[in-house]
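The values are calculated or read from the model by the stated rules, or taken from the named source; none is laboratory data. Since we're looking at a predicted model, the values are computed, not measured. Methodologically, a virtual Cβ is constructed for each residue, glycine included, from the backbone with ideal geometry; neighbour enumeration extends over all protein chains shown.
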């Protein structure tokens with residue numbers, strides 16, 4: 001029965017892709033990416049676990065192009081990001097159908113569903129219906145990845161492969177970042193004293209920097225939790241150092257602070273030496289590297305044109321919009337559009353740079369309460385897992401994930417973390433895998449590495 005469903009879905013999607021090629025006038029790049037998407041979808045049906053890993057690796061590599069429209073009219077646009085979301089939702093639907101009896105065991109399902117349903121309802125009174133539809137689709141894709149990881153990652157080997165896939169997903173963005181650095185093609189903001197901010201395959205340095213935190217934290221976890229003298233683990237250490245250097249070259253202060261939070265959590269509860277080494281490294285970077293010194297000092301400079309003052313002014317204006325529609329908001333995904341229409345273009349970016357304010361604008365206080373419930377549920381489940389994990393390497397992985405979660409949800413108050421779809425896919429895939437792994441099996445095999453070197 002499941003094979004028949006796979007064949008029907010494969011045939012349907014195949015016909016849709018053929019229709020795109022034959023009936024719609026597409027440019028060469030669009031055709032290439034449609035073909036790539038079709039190949040990924042084929043892989044997900046033939047080898048679901050491999051398909052999930054390919055999705056995790058591919059999403060950040062194509063992030064800068066996901067806004068490219070495939071079909072565009074005066075009032076409607078279908079871009080690569082939406083196609084990616086549809087792909088992963090279809091993939092997840094197939095897996096959910098095969099695991100209907102297990103859905104009741106899925107943690108956080110009600111938290112996620114309530115949050116997404118509020119967004120879906122907002123479509124009917126939205127400030128911009130198409131933006132709300134796109135945002136609801138995007139959030140559904142994050143939930144879909146979480147479900148995929150929960151139902152497909154069911155062994156230590158699967159978890160090992162997912163962790164390696166997340167680390168590998170940084171390679172292509174890093175190669176682009178190196179090219180940008182050496183050719184001085186990064187983002188330059190002269191009035192902030194920032195030159196050549198690298199952004200890899202992402203649309204902005206901030207998005208790239210926050211994404212790097214995930215493979216960086218996992219590479220450090222692999223190094224710390226296994227035999228540090230083995231060649232593979234030495235490579236993880238060297239890769240971690242390289243990622244830290246690249247993180248510095250993004251000049252994203254929020255990501256720097258996030259890294260300190262992650263290291264502090266791991267260091268206080270597990271590895272004191274890591275915390276000390278990180279503090280020394282960051283202090284040396286501050287005193288010896290002038291651009292980093294400037295970026296840190298700018299936080300307390302009080303300049304009227306600083307990004308801090310700009311954020312505060314933006315938030316003060318945005319709070320007034322919340323007061324006008326406090327309960328249900330203006331509709332999912334419309335915050336940037338609304339802010340731009342009300343403030344105009346003269347004040348720069350219209351992104352809220354605060355996920356909690358964004359949700360309050362879009363889904364009101366009810367939506368914000370639902371999101372807070374999701375975050376609280378996540379921490380409760382992670383802490384429960386941590387407390388029952390024994391003295392295993394899995395416990396260190398959970399601690400690392402708790403550190404990542406604390407960092408992301410703190411910095412969500414000052415940046416657009418939830419909008420970073422590539423990051424959310426990988427982060428929630430990791431969460432889903434951790435929730436799926438059975439503690440007794442880990443404890444039984446705790447003499448073996450959770451993530452081995454073979």
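Among the residues of segment 119-132, those that are in a helix (DSSP H, G or I) and buried (at least 20 other Cβ atoms within 10 Å of the Cβ) comprise 119, 122, 131, 132.
Consider segment 95-116 and keep the residues that are farther than 14 Å from residue 148 by Cβ, in contact (Cβ under 8 Å) with a residue 60 or more places away in the chain and assigned to a helix (DSSP H, G or I). The one that is farthest from the chain's Cα centre (by Cα) is 114.
Can you confirm whether residue 278 is assigned to a helix (DSSP H, G or I) and either buried (at least 19 other Cβ atoms within 10 Å of the Cβ) or in contact (Cβ under 8 Å) with a residue 40 or more places away in the chain (or both)? So residue 278 fits the description; yes. Against the numbered list (1) buried (at least 21 other Cβ atoms within 10 Å of the Cβ); (2) closer than 15 Å to residue 50 by Cβ, residue 154 comes up short only at (1). Just to be sure, is residue 413 under 30 Å from residue 313 (Cβ atoms) and either in a helix (DSSP H, G or I) or touching a strand residue (DSSP E or B) at 6+ places or on another chain (Cβ under 6 Å) (or both)? So residue 413 does not fit the description; no. Per the listing 56, 36, the residue uniquely surrounded by 17 or more Cβ atoms within 10 Å (Cβ to Cβ), within 26 Å of residue 202 (Cα to Cα) and either in contact with a helix residue (DSSP H, G or I) (Cβ under 8 Å, 6 or more places away or on another chain) or modelled with pLDDT under 90 (or both) is 56. Taking the criterion of being at pLDDT 95 or above, in a helix (DSSP H, G or I) and either touching a helix residue (DSSP H, G or I) at 6+ places or on another chain (Cβ under 7 Å) or closer than 20 Å to residue 414 by Cβ (or both), the residues of segment 340-364 that qualify are 355, 356, 357, 358, 359, 360, 361, 362, 363.
Right, residue 220: part of a helix (DSSP H, G or I), surrounded by 19 or more Cβ atoms within 10 Å (Cβ to Cβ) and at pLDDT 90 or above or not? When the stated conditions are applied, residue 220 passes them. Can you confirm whether residue 195 is touching a strand residue (DSSP E or B) at 6+ places or on another chain (Cβ under 7 Å), crowded, with 17+ Cβ neighbours inside 10 Å and not in a helix (DSSP H, G or I)? The answer is no for residue 195. Scanning segment 420-433 for residues that are crowded, with 24+ Cβ neighbours inside 10 Å and either under 10 Å from residue 163 (Cα atoms) or over 10 Å from the mean Cα position of the chain (by Cα) (or both) gives 426, 429, 430, 432, 433. Given the structure, is residue 259 out of contact with any strand residue (DSSP E or B) (no Cβ under 7 Å at 6 or more places or on another chain) and either within 28 Å of residue 160 (Cα to Cα) or surrounded by 19 or more Cβ atoms within 10 Å (Cβ to Cβ) (or both)? Yes. Flag set for residue 165, criterion: assigned to a helix (DSSP H, G or I), in contact with a helix residue (DSSP H, G or I) (Cβ under 6 Å, 6 or more places away or on another chain), modelled with pLDDT of 95 or more and more than 23 Å from residue 298 (Cβ to Cβ). Which one is modelled with the highest pLDDT among residues in segment 39-53 that are surrounded by fewer than 16 Cβ atoms within 10 Å (Cβ to Cβ) and either assigned to a helix (DSSP H, G or I) or touching a strand residue (DSSP E or B) at 6+ places or on another chain (Cβ under 8 Å) (or both)? The qualifying residue modelled with the highest pLDDT is 50.
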